[in-house]
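Everything below concerns the one structure shown next.
The values are calculated or read from the model by the stated rules, or taken from the named source; none is laboratory data. Every value quoted in this text rests on a predicted model; they were computed, and no experiment measured them. With ideal geometry, Cβ positions are generated from the backbone for all residues, glycine too; neighbour counts draw on all protein chains shown.
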Amino acid sequence: MIPTPQRDGTGRPVIPGSFEINRDQLLLAFQYMADYLREKGVNLTIYVAGGAVNTIYLRSRHSTGDVDFFGSNEQSRLLKDASKYAQQQSKSQLGANWFNNSMSLFLNRALEQDLMGASHHQNAILFSKPGLTVYAVPWEYALCGKTDRLTKPNKRPYDAADAVAYLHQCVKANGERAIQAQQIETWARKYNKAVSVLVLMEIDTLYTSKHGKHGISF
């Protein structure tokens, strides 16, 4: 796991503090990581979901609390060391959990491979310098992550807006045509994510308000 879970003297998990990280701070942190990895003679590729994508690539958020990623499992020690180096070098507070691969716990190897291939095909690159390349996960996977979250009681205030941002990328990839609700349900089954008609209607209402047309066809 990145980072390694910390425990106190009684063995209880220590919950580290979190900080909001803006676009410039994220890109600088990735640059520090790339510098570290380049010095070690490696070029690693990771795949990122969540707020870092919205903050860096889509610019639909001003900041995020962390970077959720998977990939380069065989080099996890180097990635962990590189993220620590970035944390040490950064003049802004990143937080101990700023770079974490907890999402990989929910991905089997076959799904990881599928997402990697789709990410390369999509080619939404957040960062690319010698040492480190960072891809956004497929938009349909990101969208289904938000439909899943929106069906649960612990949904967050920004989840629906994030879903609209991902849906817009899906619509653009679909020739500016609305995505069939049935298609989103198919994606959700593929990725083992929850979805409901009510959630899709909520997302489409927000989408229509923002873009002046429907993003989902029922």
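Results for (1) of a type in the set (A, V, I, L, M, F, W, C); (2) modelled with pLDDT of 95 or more; (3) part of a helix (DSSP H, G or I), shown as yes or no for each residue.
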residue: Tyr57; (1), (2), (3): no, yes, yes
residue: Arg61; (1), (2), (3): no, yes, no
residue: Ala82; (1), (2), (3): yes, yes, yes
residue: Gln93; (1), (2), (3): no, no, no
residue: Ser104; (1), (2), (3): no, no, yes
residue: His120; (1), (2), (3): no, yes, yes
residue: Thr147; (1), (2), (3): no, yes, yes
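Pairs please, first residue from region 113-125 and at positive phi, second anywhere and exposed (fewer than 11 other Cβ atoms within 10 Å of the Cβ), Cβ atoms under 9 Å, 6+ apart in sequence or on different chains.
Here the result reads none, with nothing in region 113-125 linked to a residue that is exposed (fewer than 11 other Cβ atoms within 10 Å of the Cβ).
Can you spot a residue in region 136-148 that is of a type in the set (Val, Ile, Thr) and free of Cβ contacts under 8 Å to residues at least 60 places away in the same chain?
Yes, the conditions are met somewhere in region 136-148.
Could you tell me whether Lys155 is assigned to a loop (DSSP other than H, G, I, E, B) and surrounded by 15 or more Cβ atoms within 10 Å (Cβ to Cβ)?
No.
Whether any residue in region 197-212 is surrounded by fewer than 23 Cβ atoms within 10 Å (Cβ to Cβ), outside the structural domain of Ser83 (by TED's automatic domain parsing) and outside any helix (DSSP H, G or I) is what I want to check.
yes
Among the residues of region 128-142, is there at least one that is over 17 Å from Ile21 (Cβ atoms), in contact with a Pro (Cβ under 7 Å, 6 or more places away or on another chain) and part of a helix (DSSP H, G or I)?
No, that holds for no residue.
Quick one: in region 193-204, which of the residues that are touching a residue at least 24 places away in the same chain (Cβ under 8 Å) and over 16 Å from Ala161 (Cβ atoms) is nearest to the chain's Cα centre (by Cα)?
By that ranking, first place goes to Lys193.
Could you list all residues from region 129-165 that are among the acidic types (Asp, Glu) and either over 14 Å from Ser60 (Cβ atoms) or over 13 Å from the mean Cα position of the chain (by Cα) (or both)?
Across region 129-165, the qualifying residues are Glu140, Asp148.
Is there a residue in region 58-65 that is closer than 20 Å to Ala96 by Cβ, in contact (Cβ under 8 Å) with a residue 60 or more places away in the chain and not polar (S, T, N, Q)?
No; the residues of region 58-65 include none that is closer than 20 Å to Ala96 by Cβ, in contact (Cβ under 8 Å) with a residue 60 or more places away in the chain and not polar (S, T, N, Q).
Looking only at region 95-125, count every residue that is of a type outside the set (Lys, Arg) and surrounded by fewer than 16 Cβ atoms within 10 Å (Cβ to Cβ) and tell me the total.
Looking only at that region, the number is 13.
Step by step: first the residues of region 77-94, then only those that are over 14 Å from Asp66 (Cβ atoms) and touching a helix residue (DSSP H, G or I) at 6+ places or on another chain (Cβ under 6 Å), then the one that is surrounded by the most Cβ atoms within 10 Å (Cβ to Cβ). Which residue is that?
For region 77-94, the residue satisfying everything is Ala82.
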